[in-house]
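Student: Below is one structure. I have some questions about it.
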Amino acid sequence: MPEALSIVTHVVICISTLHRPEGLARILRSLAAQTMRAHDSIDLRVVVVNNDPDDPRPTSVAEEIRQATGLAIEVLLEARRGVAPPRNRGLGRATELAGEDGLIGFLDDDEETTPEWLAEMLQVKQEYAAQIVTGPVIPRFEAEPPTWVVEGGFFDKAAHATGSVRPWAFTNNVIFDAELPHRLDTWFDEGFLRLSEDRHFFQRLAGTGARIVWAADAPVVDYVPPSRTTAGWLVRRMRTVGRCVAPLRRDIDGPLRAVIATLAKSPVWMLIGAATMIAGSVGGGKAWRVRGRSWFAYGIGLSEGVLMSSRAGRPSSDSD
């Protein structure tokens, strides 16, 4: 009998990077170490988008790992700062490399994959006939976090069963069919300067009929620096999340529904936050107080996103 033809799947992983050469090296090495299963024939490539053209380190890191491992890495430059511009740049190149029948993925430059990550993502995609597969992101603290951070579960991630359908995905752990971006007129919205542009992108894809499923056994590790385990950072982050809700919902649900729903929720979250802060002051401890401040800030961010268009989708601080 004639030998069956091997079908090659082209997979292109996009990584945006800004001033994290050590993190970039770590994620690239982990991709080079992927253990593919015997029946998989994968052409794996990586597109790195450097968001600072004056920083030569991403190119040096990529070249070093390319020579050491043979991983196919291409480095692009994107001068416009933010999260959306480099991701759009990478996605454009990835669609060219992957072709209509290939796959595109996104990871962050402060993460690390497990050796079985890609094989598991592909297995789940095939088994559940999904166009988009996303998975868990597990925090790993670079330094011992304060006790209240652990007690408060500020970095705990939601758990879902493999194959469960999700309403959206994020660029920190995802693969999807390369033909999907062609369904949208715009990709990552540059109005979101720090957060939610990826949820916005994948939620719009879901609106076109693309099915998003969860791969519980395909985690990536997220390295959390000490600067993110402070009360100030956590509170500012939640305020920024709030600012992103209105512009996100405006495209998904329509302007009127977005305004009504967001303004209705804003005072509720502020009230919950205030009550939680009081409870924390009485005896709940710092975790409760910070949680209350975060919820209160989220409520403020919701109002800002609706009533102050200049702040919608924007971070509450340059450090976020």
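The values are calculated or read from the model by the stated rules, or taken from the named source; none is laboratory data. Please read all numbers here as calculations on a predicted model, not as lab measurements. Note: ideal-geometry Cβ built from the backbone for every residue, glycine included; neighbour counts use all protein chains shown. When the accessible area is computed, the model is the full protein with side chains, heavy atoms only, and any ligands, DNA or RNA have been set aside. Shrake-Rupley method; radii C 1.70, N 1.55, O 1.52, S 1.80 Å.
Student: Using only the Cα atoms of segment 13-168, each taken as one equal point scatterer with no solvent, compute I(q) by the Debye sum, divide by I(0), and report log10 of the ratio at q = 0.09, 0.16 Å⁻¹.
Tutor: Debye intensities relative to I(0), on a log10 scale: -0.33, -1.03.
Student: Test of understanding: what is the full-extension gain from Val268 to Ala216, defined as 0.36 nm times their sequence separation minus their Cα-Cα distance?
Tutor: Values: separation 52, 0.36 × 52 = 18.72 nm, distance 3.28 nm.
Value of the extension gain: 15.4 nm.
Student: For segment 138-230, count the residues as N, evaluate 2.2 N^0.38 Å, and divide the Cα radius of gyration by that value, please. Don't skip to the end; give the middle numbers.
Tutor: Numbers: Rg = 15.8 Å, N = 93, 2.2 N^0.38 = 12.3 Å.
Cα Rg divided by the expected 2.2 N^0.38 Å: 1.29.
Student: Helix-only mean residue ellipticity at 222 nm, the chain, DSSP H runs n ≥ 4 weighted -39,500 (n - 2.57), per residue, nearest 500. What is it?
Tutor: That comes out to -14000 deg cm²/dmol.
Student: Convex hull over the alpha-carbon atoms of the chain: what's its volume per residue in Å³? Mind showing how you got there, number by number?
Tutor: On the way: hull volume 44.9 nm³, N = 320.
Enclosed volume per residue, from the Cα hull, is 140 Å³.
Student: Next question, about the same structure. Taking a virtual spin label 7 Å from the Cα of Ser227 along the C-beta vector, which residues in segment 83-109 bring their backbone nitrogen under 16 Å of it?
Tutor: Only 83, 109 pass the distance filter.
Student: Hey, another quick one. Between Arg166 and residues 5 or more places away or on another chain, which pairs have amide H atoms under 5 Å apart, with H built 1.01 Å from N, and which residues are they?
Tutor: Ile212, Val213, Trp214
Student: Trypsin sites (Lys or Arg not before Pro) within segment 153-207: which are DSSP loop residues with at most 16 other Cβ atoms inside 10 Å?
Tutor: Filter output for segment 153-207: Lys157.
Student: Looking at the chain, send over the antiparallel percent of its DSSP beta bridges, to the nearest 5.
Tutor: Working: 11 of 40 bridges.
About 30 percent, rounded to the nearest 5.
Student: Quick check: with the 1.4 Å probe, what order do Val150, Val12, Val245 take by accessible area, largest first? Could the numbers behind the result be given before it?
Tutor: Working: Val150 90, Val12 0, Val245 30 Å².
I get Val150, Val245, Val12, largest accessible area first.
Student: Then there's this: Would you kindly derive the ³J(HN,Hα) couplings of segment 120-125 from the backbone phi angles with the Karplus curve 6.51 cos²θ - 1.76 cosθ + 1.60 (θ = phi - 60°), listing them in order in whole Hz, with x for Gly and Pro?
Tutor: 3J(HN,Hα) across segment 120-125, in whole Hz: 5, 4, 5, 4, 5, 4.
Student: log10 I(q)/I(0), Debye, Cα-only segment 22-102, no solvent, q = 0.25 Å⁻¹?
Tutor: -1.28
Student: Take the alpha-carbon centre of segment 177-209, take the same for segment 108-145, and report the distance between them in whole Å.
Tutor: 19 Å
Student: Just the accessible area per residue of the chain, please: how many Å² with a 1.4 Å probe?
Tutor: I get 47 Å² per residue for this part.
Student: Give me P(r) over segment 72-142, computed from all C-alpha to C-alpha distances, binned every 5 Å, as integer percentages.
Tutor: Percent of Cα pairs in each bin: 3, 11, 20, 22, 21, 16, 6, 1.
Student: Share of the chain's accessible area from carbon and sulfur, percent, 1.4 Å?
Tutor: After summing per-atom areas, the C and S share lands at 54 percent.
Student: Now for a different question. Mind checking which lysines have their Cα closer than 22 Å to the Cα of Lys157? Skip sequence neighbours fewer than 8 apart in that chain.
Tutor: Partners found: Lys125, Lys286.
Student: Among Ser281, Ser16, Ser294, which one shows the biggest mean-square fluctuation in a GNM of the chain, springs joining Cα atoms closer than 10 Å?
Tutor: Checking each option, the largest mean-square fluctuation is seen for Ser281.
Student: Note the angle between two axes, namely the Cα long axis of helix 57-69 and the longest principal axis of the Cα atoms of the chain, as a number of degrees from 0 to 90, rounded to the nearest 10.
Tutor: 40 degrees
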